[in-house]
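Nothing in this text is a laboratory measurement; each read-out follows from the coordinates by a stated rule. This one's a predicted model, so the numbers in the text were calculated from it and none came from an experiment. Note: ideal-geometry Cβ built from the backbone for every residue, glycine included; neighbour counts use all protein chains shown.
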Amino acid sequence: MKKQHYKFLVTGPVNAGKTQFIKTISEIEVITTDEITTDETSFIKKETTVAMDFGRLTISDEIVLYLFGTPGQKRFSFMWDVLSENCLGIIFLVDSRDRESMHLLREVVEYYEDKLYVPRVIAYTHIDLPGSLPEEEIKKEVGIDWIPYLPCNAKNYDDVLNVLIFLLDMLLESEANELENDDYEDSKEIMSVG
């Protein structure tokens, strides 16, 4: 069987865990563009992604995932479109302790809403730390209920893998439905010709 390559976008506000998510799961050394923070972000973390993170994970002999992490700061948002080109799924990360991050996530989701028609999931991170909110409260703060939510400790391999497999299953199911619909349309066309 031919090897399939799937490009997934990992995005969300600053400090959601995007770089860590990719570092935890990647089978190759992650390519990062982290630089020392020089703005208000320096109160949250020492370094921030300014262009992208890149990692790879082989799921099976037939499936390879390419993970592209976006910068979280809006001033680097020009990279969001560049990195999302040809993407087949989106993982939105949000810090489960930070209500402001949840409101910012809504803006990120809305940014991609009319640009990409691909499966997506929201993974709430930092679940291993004090102050982590329950899923229902996160949903309420984010204000989006049509995207599936999953808990994810971005430092835990199994949690990250679970999010990726969940999104991959959504993608493969949507591809199967498209094929089924194409076959149905083809059979209707053949029947109308005969």
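Any chance you could run the full-extension gain for E85 through R99? It's 0.36 nm times the residue separation minus the Cα-Cα distance, nm to one decimal.
That pair, E85 and R99, stretches by 2.1 nm at full extension.
Using 26 Å as the Cα-Cα cut-off, could you pick out the over-long pairs in K7/K140; K3/K23; K7/K115; K18/K139?
K7/K140
Express in nm, to one decimal, how much length is gained between K155 and E27 on full extension, taking 0.36 nm for each residue of separation and deducting their alpha carbon distance.
Full extension from K155 to E27 adds 44.6 nm.
Under a 5 Å amide H to amide H cut-off, with H placed in plane at 1.01 Å, what residues pair with L150 once short-range neighbours are removed?
Here I122, A123, Y124 satisfy the definition.
Can you run phi through the Karplus equation (6.51, -1.76, 1.60; θ = phi - 60°) for region 131-148 and list ³J(HN,Hα) in whole Hz, with x for Gly and Pro?
Result, rounded to whole Hz: x, 5, 7, x, 4, 4, 6, 5, 4, 4, 5, 5, x, 10, 10, 8, 10, x.
Quick one: 3J(HN,Hα) in Hz for region 167-178, Karplus 6.51/-1.76/1.60 with θ = phi - 60°, rounded, Gly and Pro as x.
Each residue of region 167-178 in turn: 5, 4, 4, 4, 5, 5, 5, 5, 5, 5, 5, 4 Hz.
Which chymotrypsin sites (Phe, Trp or Tyr not before Pro) in region 145-176 pass both tests, a DSSP loop state and at most 10 other beta-carbon atoms within 10 Å?
Of the chymotrypsin sites (Phe, Trp or Tyr not before Pro), the ones in loops of region 145-176 whose Cβ has at most 10 other Cβ atoms within 10 Å are W146.
Mind listing the long-range amide H neighbours of N15? Cut-off is under 5 Å, sequence gap 5 or more, other chains count too, H placed in the peptide plane at 1.01 Å from N.
The list, which skips near neighbours in sequence, is empty: none.
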